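I have placed the structure first, in the form of structure tokens, so that the comments after it can refer back to it.
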Amino acid sequence: MQTTYAKNAYTHVMITTSDIPLDLVIMLYDGAINYLRKVIFYINQSNTSKKIYYISKVMAIIEELLISLDMNAGGDIALNLRDLYIYILKELTIANAKNDIARVKHIESLLIELIAAWRKIK
């Protein structure tokens, strides 16, 4: 059900968001997922500076996706995506403070589901 919702949401957002083309959105999600995997690695290595570096990279990507939403044209879907992106940013902040790998993996799973929807749309 979430995949269907994500696919429908992103189809609509793709049409209403003119600032970020589909290929770039996919690249942003790919980058965020790869950085999250590095975050997990560096949490396991107790390398705080690298963990923070890669969490900040993921946060920058999510923030870019957030500001690219067209709230006027996107309606409820844009609002839901905004809420999801804000949720991800909050979870990343907590994961960073607590070295919480489970939270990082949860965010990774959300992004994997979303990127799959984008790829289907493409």
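The values are calculated or read from the model by the stated rules, or taken from the named source; none is laboratory data. Treat the numbers as computed from the prediction; the structure is a model and nothing was measured. With ideal geometry, Cβ positions are generated from the backbone for all residues, glycine too; neighbour counts draw on all protein chains shown.
Annotation: of all residues in the range 1-21 being at pLDDT below 55 and either in a loop (DSSP other than H, G, I, E, B) or in contact with a Cys (Cβ under 6 Å, 6 or more places away or on another chain) (or both), the one that is surrounded by the fewest Cβ atoms within 10 Å (Cβ to Cβ) is MET1.
Condition check ((1) more than 19 Å from ILE115 (Cα to Cα); (2) basic (Lys, Arg)) across all residues:
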| site | (1), (2) |
| --- | --- |
| LYS38 | no, yes |
| SER46 | yes, no |
| LEU65 | no, no |
| GLY75 | yes, no |
| LEU81 | no, no |
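Mind checking which residues of the range 70-94 are more than 26 Å from VAL39 (Cα to Cα) and among the aliphatic types (A, V, I, L, M)? Once the filter is applied, which keeps residues that are more than 26 Å from VAL39 (Cα to Cα) and among the aliphatic types (A, V, I, L, M), the range 70-94 yields MET71, ALA73, ILE77, ALA78, LEU79.
Report, ordered by the first and then the second residue, all pairs with beta carbons closer than 8 Å, sequence separation of six or more or different chains, a first member in the range 67-94 that is under 17 Å from TYR29 (Cα atoms) and in contact (Cβ under 8 Å) with a residue 40 or more places away in the chain, and a second member that is exposed (fewer than 13 other Cβ atoms within 10 Å of the Cβ) and not aliphatic (A, V, I, L, M). What qualifies is SER68/ASP19.
When LEU24 is tested against (1) crowded, with 16+ Cβ neighbours inside 10 Å; (2) within 15 Å of the chain's Cα centre (by Cα); (3) among the aliphatic types (A, V, I, L, M); (4) modelled with pLDDT of 65 or more, exactly one condition is not met: (1).
Scanning the range 40-59 turns up at least one residue that is of a type in the set (D, E, K, R) and buried (at least 19 other Cβ atoms within 10 Å of the Cβ).
Here are the criteria: (1) in contact with a helix residue (DSSP H, G or I) (Cβ under 7 Å, 6 or more places away or on another chain); (2) closer than 22 Å to SER109 by Cβ. Tell me which single one MET71 does not satisfy. Looking at each condition in turn, MET71 falls short on (2).
Per-residue answers, yes or no, for (1) under 14 Å from the mean Cα position of the chain (by Cα); (2) closer than 18 Å to LEU22 by Cβ; (3) part of a helix (DSSP H, G or I):
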| site | (1), (2), (3) |
| --- | --- |
| SER49 | no, no, yes |
| TYR54 | yes, no, yes |
| ARG82 | yes, no, yes |
| TYR85 | yes, yes, yes |
| VAL104 | yes, no, yes |
| ILE112 | yes, yes, yes |
